[in-house]
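This report refers to the structure that appears directly beneath it.
The values are calculated or read from the model by the stated rules, or taken from the named source; none is laboratory data. Owing to the predicted nature of the structure, the values given are computational and were not obtained by experimental measurement. Because the Cβ atoms are built from the backbone with ideal geometry, glycine has one as well, and the counts that use them run over all protein chains shown. The area values use the complete protein model at the heavy-atom level, side chains included, leaving out ligands, DNA and RNA. Shrake-Rupley method; radii C 1.70, N 1.55, O 1.52, S 1.80 Å.
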Amino acid sequence: INNESFVLSDKLPVTVLFGPALRRCLDLADPEHGVSILPSGQSGNPMSRHYADQVSGYAQGKFRVEMMNEDEIRNACHERLVFRKAE
């Protein structure tokens, strides 16, 4: 789950070259209760205040509960992004 790449050597600390962009655990029999964590944050956009908002949890091996139920998502939503067709 925490697959990372590095050059094998006797030098410490080991420098990680790259790792997973997302960790996710999902029971397909109960998809509404999956967990995940994303080091680039909720938005994945470096210009957003939500960029990297999950990085400390990611580094600690933690997960966040995914919201897969529409009512649960609507009740927890604090902001909304709306795309509109240009006139």
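How large is the Kirkwood hydrodynamic radius of segment 26-70, in angstrom, based on all distinct alpha carbon pairs? Can you show the working numbers first?
Values: mean 1/r = 0.0888 Å⁻¹.
Every distinct Cα pair counted, the radius reaches 11.3 Å.
Leaving out ligands and nucleic acids, note down the accessible area per residue over the chain with a 1.4 angstrom probe, in whole Å².
On the way: 7670 Å² over 87 residues.
That works out to 88 Å² for each residue.
Shown in residue order for segment 16-28 are the 3J(HN,Hα) couplings computed by the Karplus curve 6.51 cos²θ - 1.76 cosθ + 1.60 at θ = phi - 60°: 7, 8, 7, x, x, 8, 7, 10, 8, 10, 9, 8, 5 Hz (x for Gly and Pro).
Measuring nothing but protein heavy atoms, the accessible surface of the chain at 1.4 Å probe radius is 55 percent carbon and sulfur. Our estimate of slack between residue 72 and residue 42, defined as 0.36 nm per intervening residue step minus the Cα-Cα distance, is 9.1 nm. In order along segment 70-86, the Karplus-derived 3J(HN,Hα) couplings, from 6.51 cos²θ - 1.76 cosθ + 1.60 at θ = phi - 60°, round to 4, 5, 4, 5, 4, 6, 8, 5, 9, 9, 9, 9, 10, 9, 10, 6, 5 Hz, and Gly and Pro are given as x.
Can you figure out the FRET efficiency of residue 49 with residue 4, using R₀ = 35 Å and their beta-carbon distance, to the nearest 0.05? Walk me through the intermediate numbers first.
Values: r = 28 Å, r/R0 = 0.79.
Efficiency at R0 = 35 Å is approximately 0.80.
With an 8 Å Cα cut-off and a minimum separation of 6 or more residues, compute the relative contact order for the chain in percent.
Contact order relative to length: 19 percent.
Cα-based radius of gyration for the chain, normalised by 2.2 N^0.38 Å, reads 1.42.
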